[in-house]
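First the structure, in the form of structure tokens, and then the observations on it.
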Amino acid sequence: KVYSLRSNCWRRIKDFSFYLIFAREFGFLANNALHWMVFKPPKSGKQNLVGFDLRTEEFRFLELPEFCLDKLFCYDIKAMGGFICLTATYRELDTVVVDVWIMEEYGVKESWIKLISWNEPHFIPRFPSLVVPLAFSKNGDKVLFNISYKCRNFGKWYNLRDKFVWYDLWSERVKTVEIRGIPTSFDVHFYVESLVPINGNAVMINNEMP
């Protein structure tokens, strides 16, 4: 079902079967569609990316890069710079590798390109870490990463330490971002400013909300 603020009601749409990997995941927006990582039915270990088009109100599966099918890794997937961005962190021999993939043409499997393949033990220690790209720099030649170092206690994962780093796409060098007063551990969230009121049904009177 889809809820519309304009009509203030729920509407049934065409069924599309899949299992959410994380039940409370909100999804991310790219190309005017919301996306989630899911399992296809019958439930299996293979992960798939599904998108819900906000215009047509239809679901579709989007194919991932081939390597994702045969390597064990932890991943992060989001929109970055207007593209779908997949980050895979995995072990290779005695080190850790971070690959960042970009889908240049929406919905086309062959358009996935590997933007970064980063092997930096100094910034990615051998204990568990999650490496997530956040944004491009203004001129597009660097990528800002958040690195979260993890520890496990009584079956739960906790952030041990977080930090920001810039990755230079041309020199492939990494530089730590120093921010005074920032906590040792933190979370990163994005927001988009909007002039659209949440209560879309409200009537404007003299350019003011009643």
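Structure above, values below:
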item: Förster radius 25 Å - calculated FRET efficiency between LYS46 and ARG161, Cβ distance, rounded to 0.05; result: 0.15
item: Ordering of 46-58, 26-38 by burial proxy (mean other Cβ atoms within 10 Å per residue, highest first); result: 26-38, 46-58
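No lab work stands behind these numbers, since they all come straight from the coordinates. Please read these numbers as outputs of a predicted model, since none were measured by experiment. Every residue, glycine among them, receives a Cβ derived from its backbone with ideal geometry; neighbour counts consider all protein chains shown.
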